[in-house]
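The values are calculated or read from the model by the stated rules, or taken from the named source; none is laboratory data. Since the structure is predicted, the reported quantities are computational estimates derived from the model, not experimental observations. Here Cβ is always computed from backbone atoms with ideal geometry, including for glycine, and neighbour counts include all displayed protein chains.
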Amino acid sequence: MTMEEGMDSGFDLDLAAATLRANLSDVHIMLKVLATQLADTLGNRLSVERGGGRFKRSKSDEIRGVKITMGGDDFQADVDGSTLRCTIGHSSGGIRIRSEQVDMDAWVARLLGALQAEAAHSETARQALQNIVIGGSQ
């Protein structure tokens with residue numbers, strides 16, 4: 001079985017999205033899980049904004065937003081109160097062509113789809129996707 005066949009049959013993106021949404025009782029937890037699972041895989045393609053407002057603690061582990069760059073797409077999610085504001089931007093040749101605001105479900109689905117496409121040729125991306133689906137070490 002090739003890695004591509006394993007990805008087609010072995011990874012259920014709906015299950016992965018449901019796993020992430022299960023943490024939605026607190027959007028901060030969902031972003032923390034996502035950032036933890038993808039940090040090693042994405043390296044500098046993952047940017048995490050931490051901390052709060054004027055009275056933030058000096059060492060806050062609260063995540064306020066994430067930006068993930070995969071291919072020509074930028075996936076941005078920012079905490080806005082108790083909700084998550086999600087946008088997906090598309091660039092070509094370093095120039096942003098479009099940016100769209102999407103709901104959290106669409107954002108997660110498209111992000112996981114991009115990760116699945118990368119996992120077809122990257123063992124670390126495959127492992128990150130597997131950790132999201134089955135709950136790997138954090």
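Quick look at the numbers
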| item | result |
| --- | --- |
| Residue in the stretch 57-79 that is modelled with pLDDT under 85, more than 14 Å from ALA114 (Cβ to Cβ), under 16 Å from the mean Cα position of the chain (by Cα) and not in a loop (DSSP other than H, G, I, E, B) present | no |
| Residue list for the stretch 87-99, filter: closer than 15 Å to ARG45 by Cβ and surrounded by 15 or more Cβ atoms within 10 Å (Cβ to Cβ) | ILE88, GLY89, SER91 |
| Selection count, the stretch 74-86, where residues are surrounded by 16 or more Cβ atoms within 10 Å (Cβ to Cβ) and touching a residue at least 40 places away in the same chain (Cβ under 8 Å) | 3 |
| Looking only at the stretch 9-52, and only at residues there that are part of a loop (DSSP other than H, G, I, E, B) and touching a strand residue (DSSP E or B) at 6+ places or on another chain (Cβ under 9 Å), the one that is modelled with the lowest pLDDT | LEU24 |
| Number of the exception - ILE88 against (1) touching an Asp or Glu at 6+ places or on another chain (Cβ under 7 Å); (2) at pLDDT below 90; (3) of a type in the set (A, V, I, L, M, F, W, C) | (2) |
| Every residue from the stretch 63-90 that is among the β-branched types (Val, Ile, Thr) and in contact with a Lys or Arg (Cβ under 8 Å, 6 or more places away or on another chain) | ILE63, ILE68, THR69, VAL79, ILE88 |
| Within the stretch 100-114, tally of residues that are surrounded by 15 or more Cβ atoms within 10 Å (Cβ to Cβ) and closer than 16 Å to VAL27 by Cβ | 5 |
